[in-house]
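Right, one structure below, let's go through it.
Read the figures in this text as sums done on the coordinates, not as results from a lab. Just so we're clear, the structure is a prediction, and the values are computed from it rather than from any experiment. A quick note on method: Cβ atoms are made from the backbone with ideal geometry, for glycine too, and the neighbour counts reach across all protein chains shown.
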Amino acid sequence: MMIRIRTSPAATAQRSGILMLELTVAMMLLGVVISLLGQGISVVRKQQELTEFQVLARIELSNLERTASTELQSWKLSPDFQRRFPDASLSTVSVTNIPSDLPLSRSVEATISRTSPHGILQSVRLVLWPQDSGGDQ
């Protein structure tokens, strides 16, 4: 035996009005969550790009230390690095405050710098000791 509950048209209208209010609040909350999630993903992506440049610039400077001569004018960024970061620039300066009788006296301060697409100035600076290709090792 089935019992049927009769509802009045006023009760049905009240129920659908509450349902519309709940849907509106849920959509507003969903919009806020999507907005915050989008901003969070954007910040994480920017940080990953900055970190990637720092890591690759350190690797590039390390490679320069091993392969470049002691003549600073010959130091250039590799084609792969330039293709990845076309706006990057390399600057080198001989470090002169180390006594010349020390074996590490031919040190070079090398800096790779660039302005990221987000407008952040980035630079990686290392002091390197290039190996002589002359063979006094």
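How far apart, in nm, are the 7 Å Cα→Cβ label points at residue 80 and residue 49?
According to this spin-label approximation, the distance is 2.3 nm.
Sorted by average packing, counted as other Cβ atoms within 10 angstrom per residue and highest first, what order do 113-119, 59-65 take?
Highest mean packing first, the order is 59-65, 113-119.
Spelling out what I want: for every residue of the stretch 74-89, take phi, set θ = phi - 60°, compute 6.51 cos²θ - 1.76 cosθ + 1.60 (Karplus), and round to whole Hz; glycine and proline get x.
7, 6, 9, 6, 5, x, 5, 5, 5, 5, 6, 10, x, 8, 6, 9
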